[in-house]
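J.: One structure, pasted below without further comment.
What follows is calculated from the coordinates using simple rules that are stated; it is not laboratory data. Bear in mind that the values here come from a model prediction, so they are computed numbers and not experimental data. When we count neighbours, we look across all protein chains shown, and the Cβ atoms used for this are built from the backbone with ideal geometry, even at glycine.
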2 protein chains.
Amino acid sequence: MTAITIIGAGNMARGIATRALAAGHDVQVLARDEAKAAALAGELGGATSGAQTAPITGEIVVLALPYDANLAVAGERRDDLAGKVVVDISNPVDFATFDRLVTPDDSSAAQEIQKAIPASKVVKGFNIVFAGTLVAGQVAGEKLDVALAADDAEAKDAVAALVESAGMRAIDAGPLKRAHQLEGVGFLHMAVQGQLGNTWSTAVKIIGA
Amino acid sequence: MTAITIIGAGNMARGIATRALAAGHDVQVLARDEAKAAALAGELGGATSGAQTAPITGEIVVLALPYDANLAVAGERRDDLAGKVVVDISNPVDFATFDRLVTPDDSSAAQEIQKAIPASKVVKGFNIVFAGTLVAGQVAGEKLDVALAADDAEAKDAVAALVESAGMRAIDAGPLKRAHQLEGVGFLHMAVQGQLGNTWSTAVKIIGA
């Protein structure tokens, strides 16, 4: 059993918390809107909740907010996140134009967050899966693929173990700089939803293995 | 029926030619090693072949070589490719390190090739599918997803029609600059083969739609 803190109380927080709770992990939900965190914890059952500034109980901390907010909260909780495994799930899409990523061409959301919290072990993950598919736990009867990138092998292994325990397949995408490519996958997956019926219930998967 | 010229006589040329011929298209295979082109055409049956400098008969020209060679041949055949639909299938991976792409951080193989042949309509495609899966025509009983990026809508539509006629699903990934993200997908798909058993028989697919 692993103690997981999720910062954010939106759809991705709900999805990741759902899978983690189903696998028997301890889940804490923290959010700027404490009432929203409490409501999500109540809806899920078995999770605790608190304000975004509350003490962090998890060994693994999932930043489950949009990129700008993930970067901001990482900076705000920098000292509390030191030494911890921190999962960035964001896709830094320019949502005004939906035509570019807002991060530098040679970087990624996860790398920018790692720079903000150098004493933490940042893992990129969950950015290629949609919230609703995490709640469902599968797509078309198939396991979800959750690709991970990190420089710290133990941190990546810990998140991979969480993913596998929750009935998904962990794919090791390599070092943290591969977050650049993973965020490209997340961006494309979002960008093609229109032509696929806008269900946001699809998954990117490597089939045949 | 569409006339397709494939430049290259390697595995990707075999895969794309196999699917195109099965769909009843006219296929011409050109290669620097004319004997190799003739051997592939003979193996496939129904294709014509010639030297890399031979007259191009296809309306759609597929550059089915590694990135450096695609860029070189595009330059060499620049005048002959003017006005044509040119498909770049390459993943510009640094194969010495397998740790980066050799193209500029703000570009892609397809964009660099477009710069070399500005009078052609470059389409990025087939870079996320492996050669063997094109020959097989499916993976795990599922249609292959072939993602396309291009600035010229008619050119993209023409390649999409080719893809669909050959029993695959065309995904519109957007303008040519999305080749940057698509080449990231191709890179990741190659990079994770080791952990998936090194069969190179997998496919990246959007499931659930």
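J.: Going by C-beta contacts inside 10 Å, put B:86, A:73, B:135, A:93 in order with the fewest on the left.
T.: Lowest count first: B:135, A:93, A:73, B:86.
J.: Now, a different point. How far is residue A:68 from the same spot in each other copy, in nm, shortest first, if each label point sits 7 Å from Cα toward Cβ?
T.: So the label point of residue A:68 gives 4.4 nm to the other copies.
J.: Here's something else I'd like to know. As a test of the formula, what do you get for chain A when each DSSP H run with n ≥ 4 contributes -39,500 (n - 2.57) and the sum is divided by the residue count, at 222 nm and rounded to the nearest 500 deg cm²/dmol?
T.: -10500 deg cm²/dmol
J.: Per q in 0.13, 0.16 1/Å, what log10 I(q)/I(0) does a Debye calculation on the alpha-carbon atoms of the range A:13-106 return?
T.: Normalising to I(0) and taking log10 leaves -0.49, -0.71.
J.: Moving to a separate point now. Sorted by average packing, counted as other Cβ atoms within 10 angstrom per residue and highest first, what order do A:62-68, A:186-192 take?
T.: Top to bottom by mean Cβ count within 10 Å: A:62-68, A:186-192.
J.: Arrange A:108, A:49, B:165 by Cβ neighbour counts within 10 Å, fewest through most, would you?
T.: B:165, A:49, A:108
J.: Taking neighbour counts of Cβ atoms within 10 Å as a proxy for exposure, in what order, fewest first, do B:196, A:176 appear?
T.: B:196, A:176
J.: Let me ask something additional. Where the centre of each part is set by its Cα atoms, how far does the range A:134-209 sit from the range B:85-105, in angstrom?
T.: So the separation of the two Cα centres works out to 23 Å.
J.: In nm, one decimal, shortest first: how far is the label point of residue A:151 (7 Å from Cα along Cα to beta carbon) from the matching points in the other copies?
T.: 3.6
J.: Also, quick follow-up: Compute the Rg to Rh ratio over the range A:99-209 from the alpha carbon atoms, using the Kirkwood formula for Rh, and round to two decimal places.
T.: We get a ratio of 0.97 for the range A:99-209.
J.: Determine the relative contact order of chain B: mean sequence separation of Cα pairs under 8 Å and six or more apart, normalised by residue count, in whole percent.
T.: 19
J.: Now for a separate question. Amide H to amide H, which residues 5 or more places from residue A:61 or on other chains are under 5 Å from it, using H placed in the peptide plane?
T.: A:5, A:85, A:86, A:87
J.: To the nearest 0.05, how large is the calculated FRET efficiency for residue B:36 and residue A:100 if R₀ is 45 Å and r is the Cβ-Cβ distance?
T.: 0.65
J.: At a temperature of 4 °C and a viscosity of 1.567 mPa s, determine how fast chain A diffuses translationally according to Stokes-Einstein, using the Kirkwood radius over alpha-carbon pairs as Rh; express D in µm²/s, rounded to the nearest whole number.
T.: 77
J.: Need one value for A:180-192: mean number of C-beta atoms belonging to other chains within 10 Å of its residues' C-beta atoms.
T.: For this peptide, the per-residue mean of nearby foreign Cβ atoms is 6.
J.: Next question, about the same structure. Need one number: convex hull volume per residue for the protein assembly as shown, Cα atoms only, in Å³.
T.: 128
J.: Would you mind giving the mean number of other chain beta-carbons within 10 Å of the Cβ of each residue in A:197-208, as a whole number?
T.: If you average over the peptide's residues, the count of other-chain Cβ atoms is 6.
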